[in-house]
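Below you'll find the structure, written out as structure tokens, and then a few comments.
The values are calculated or read from the model by the stated rules, or taken from the named source; none is laboratory data. Treat the numbers as computed from the prediction; the structure is a model and nothing was measured. Here Cβ is always computed from backbone atoms with ideal geometry, including for glycine, and neighbour counts include all displayed protein chains. Protein only, heavy atoms only, side chains kept; ligands, DNA and RNA dropped before computing areas. Shrake-Rupley method; radii C 1.70, N 1.55, O 1.52, S 1.80 Å.
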Amino acid sequence: MFKLLLVCALAALVSANQDPEVKELISDVLPDGFKSVLVLDNGVVAKSSGDEKGNINGVYEWISPEGVSVKVSYVADENGYQPQSDLLPTPPPIPAAILKSLDWIKANPSKE
């Protein structure tokens, strides 16, 4: 499933720029995993490697229509898909009143 998602994402990136030139293409299947690299002249880069247990490490990047460099690194393993990027949304901080309430609950556990 993950590999299909990655291929679809790369296909969408490639189709956004009609005729990009492939600068580098590596697709090696190794006895203990794989290595894949795709570099296009339009700034699209996708690199990944995996082991025989199905663990994958990779990175993909492109230039957005606004001219912003987008880079996502990821690990996909027994804990699922774990992307890392400065552009990914993050949750807001927990309000002070909620933190205070949680501390009170911890200090005064239910007697039941």
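Compared with the direct C-alpha span, the chain from Glu112 to Leu25 gains 25.0 nm at full extension, assuming 0.36 nm per residue.
Sorting the segments 31-41, 94-104 by their mean number of nearby beta carbons within 10 angstrom, highest to lowest, gives 31-41, 94-104. When the solvent-accessible area of region 19-58 is split by element, carbon and sulfur atoms take up 47 percent of it, the probe being 1.4 Å. Stretching Lys71 away from Ile105 to a fully extended chain increases their span by 8.2 nm, per 0.36 nm per residue minus the current alpha-carbon distance. Using a probe of 1.4 angstrom and keeping all protein chains present, the accessible surface of region 18-112 works out to 77 square angstrom per residue.
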